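Data block below; observations after.
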Amino acid sequence: MNQNPPAHVPASLVVDFDVYSPPGSQTDFYSSWLPLLRDEVPPMVWTTANGGHWMPTKGEVVKQMWGDNERFSNRISIVPKEVGEQFFGIPQSLDPPKHQDFRMLLTGVLGPKVINKMEADVRALAVSLIEAVLPRGECEFTRDYAGVLPVRIFMRMVDLPIEDAAYLVEINEHIIRPTGEMSVMEANEKLHDYLRKPVMERLGKDGDDMLSRMINGKVEGGRSLTPDEALNMAKLVLQGGIDTVSNLLSFAMHFLATNPDHRRRLLTEPDIIPAAIEELLRRFPVICTARMVKEDMRYFGADMRKGDAVVMPNPLHGLDERENADAFRPDFDRKERSHSAFGQGIHRCPGAYLARLEARVTIEEWLKRIPEFRLATDDIRFRGGVIATVELLPLVWS
């Protein structure tokens, strides 16, 4: 939905740019952001798409906004603003200091000590999925692997039936990449309806699964979570667990399929795989996150008003030449990297450790079994949204 800019936005700062579907993004998703990175584009612009909102166009500004909780609120995380206002997740939609206690509940179940213990299970599942497609000489990676491994791992962590995963993935799709077939709020309610039963059954009871440990933690001086708080936390974790990593894996595998020199280097130098994953995260971030202006102010040349929506396009941070030299070229030996693939500061994605583990294990085990592979077609399509995706990724090998 496009609309005229409000009176406080000058025409010189107005652009028509849809952050959820940049022009040309279906065939070359990351190149579609390049027009915003030109020197002559102001550091903050107003786009008329998605109900109208501000948008930083420089990596420096994206990075600064992530850490600026004094001037920007997390109350909305998606646009249009009227949709974001109805969508509430904990702790994502909370500002400091209320945010901190709920955030600690997440880090307690997704921190490195917990995630490191999961490596054997992640590796076993990765191996079984790869060996299932290996004899065929081909697969559709998004369906056969990327859309399976993170979802199954997550469903195990929260002790939910694996047979429900397909339904949850479908409902979540209507939230992060809406097509109009179902409203965002209708899809959000369906997630609530699904989670209500397991949340209420486990709230106030002992349990070893991640969901039980998380919703039975204490906040604000020792009180228990209310049912609504527990439900909103469960919903947010569910959404992060069933989609984000799937798309990170697909973009990474697309790159390796089309860049044999990089792929063969990982095969011969497996010790650099963790560094390679950091570089792929910088080069192929998938999330765009919204914020809301807390107070009237002038910010990077823009007169912002309280209540204005702002979207931080994370791809712009890692792709900005001012932040990373030769930014479009993936360099596994890059000494320093600046990006916001997982966000920054107190709202940095708590699932980052799990995402890195799943990416590392995937690349290690895939290259052991399928060292040489390529795209089955050059006609690969991408789709934007709150989280960008590779629609189909057909791979072939001998």
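The values are calculated or read from the model by the stated rules, or taken from the named source; none is laboratory data. Quick caveat, the model's predicted, so the values are computed rather than measured. Virtual Cβ from ideal backbone geometry, glycine too; neighbours counted across all protein chains shown. Calculation scope for accessible area: heavy atoms of the full protein, side chains included, ligands and nucleic acids excluded. Shrake-Rupley method; radii C 1.70, N 1.55, O 1.52, S 1.80 Å.
Select, from VAL361, VAL386, the only residue that is buried (at least 16 other Cβ atoms within 10 Å of the Cβ) and touching a Phe, Trp or Tyr at 6+ places or on another chain (Cβ under 8 Å). Talk me through it step by step, then tell me what you get.
Values: VAL361 fails: touching a Phe, Trp or Tyr at 6+ places or on another chain (Cβ under 8 Å).
The conditions single out VAL386.
Please determine, by comparing only the residues of the range 71-97 that are free of Cβ contacts under 8 Å to residues at least 40 places away in the same chain and more than 19 Å from the chain's Cα centre (by Cα), which one is nearest to ALA49 (Cα to Cα).
GLU82
For the range 63-83, how many residues are more than 16 Å from ILE346 (Cβ to Cβ) and in contact with a strand residue (DSSP E or B) (Cβ under 9 Å, 6 or more places away or on another chain)?
Within the range 63-83, residues that are more than 16 Å from ILE346 (Cβ to Cβ) and in contact with a strand residue (DSSP E or B) (Cβ under 9 Å, 6 or more places away or on another chain) number 5.
As an exercise: evaluate LYS235 against (1) touching a helix residue (DSSP H, G or I) at 6+ places or on another chain (Cβ under 6 Å); (2) basic (Lys, Arg); (3) more than 30 Å from GLU82 (Cβ to Cβ) and give the number of the one condition it does not meet.
Exception for LYS235: condition (3).
Would you mind telling me which numbered condition in (1) open to solvent by 40 Å² or more (accessible area, probe 1.4 Å); (2) in contact (Cβ under 8 Å) with a residue 40 or more places away in the chain; (3) of a type in the set (D, E, K, R) LYS58 fails?
Among (1) open to solvent by 40 Å² or more (accessible area, probe 1.4 Å); (2) in contact (Cβ under 8 Å) with a residue 40 or more places away in the chain; (3) of a type in the set (D, E, K, R), LYS58 violates only (1).
Given the criteria within 30 Å of ILE370 (Cα to Cα), more than 21 Å from the chain's Cα centre (by Cα) and not β-branched (Val, Ile, Thr), does ARG202 qualify?
no
Yes or no: LEU195 open to solvent by less than 30 Å² (accessible area, probe 1.4 Å) and on the phi < 0 side of the Ramachandran plot?
Yes: the conditions hold for LEU195.
Determine the pairs where a residue that is touching a residue at least 60 places away in the same chain (Cβ under 8 Å), located within the range 363-389, has a partner that is outside any loop (DSSP other than H, G, I, E, B) and among the charged types (D, E, K, R) with Cβ atoms under 6 Å apart, the partner being 6 or more residues away or on another chain.
Between residues of the range 363-389 that are touching a residue at least 60 places away in the same chain (Cβ under 8 Å) and residues that are outside any loop (DSSP other than H, G, I, E, B) and among the charged types (D, E, K, R), the close pairs are THR389/ARG383.
Restricting attention to the range 238-261, which residues are in contact with a Lys or Arg (Cβ under 8 Å, 6 or more places away or on another chain) and either closer than 30 Å to ASP209 by Cα or at pLDDT below 95 (or both)?
Result: no residue meets the conditions.
Okay, residues lined up against (1) assigned to a loop (DSSP other than H, G, I, E, B); (2) in contact with a Phe, Trp or Tyr (Cβ under 7 Å, 6 or more places away or on another chain); (3) surrounded by 20 or more Cβ atoms within 10 Å (Cβ to Cβ):
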| position | (1), (2), (3) |
| --- | --- |
| GLY24 | yes, no, no |
| ASP28 | yes, no, no |
| PRO35 | no, no, no |
| ASP39 | yes, no, no |
| TRP46 | no, yes, yes |
| GLY51 | yes, no, no |
| TRP54 | no, yes, yes |
| VAL62 | no, no, yes |
| ASP68 | yes, no, no |
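Give the range 141-192 a look and list any residue that's among the hydroxyl-bearing types (Ser, Thr, Tyr), surrounded by 14 or more Cβ atoms within 10 Å (Cβ to Cβ) and within 23 Å of HIS254 (Cβ to Cβ), or say none.
THR142, TYR145, listed by residue number.
I'm checking my understanding of the structure. Among residues of the range 219-242 that are touching a residue at least 24 places away in the same chain (Cβ under 8 Å) and among the charged types (D, E, K, R), which one is nearest to HIS192 (Cα to Cα)?
The qualifying residue nearest to HIS192 (Cα to Cα) is LYS235.
What is the one condition in (1) within 17 Å of ALA146 (Cβ to Cβ); (2) free of Cβ contacts under 8 Å to residues at least 40 places away in the same chain that THR268 does not satisfy?
Checking THR268 against (1) within 17 Å of ALA146 (Cβ to Cβ); (2) free of Cβ contacts under 8 Å to residues at least 40 places away in the same chain, the one that fails is (1).
From the set of residues in the range 389-398 that are closer than 11 Å to GLU140 by Cα and over 22 Å from the mean Cα position of the chain (by Cα), which is surrounded by the most Cβ atoms within 10 Å (Cβ to Cβ)?
Per the stated criteria, the residue is LEU395.
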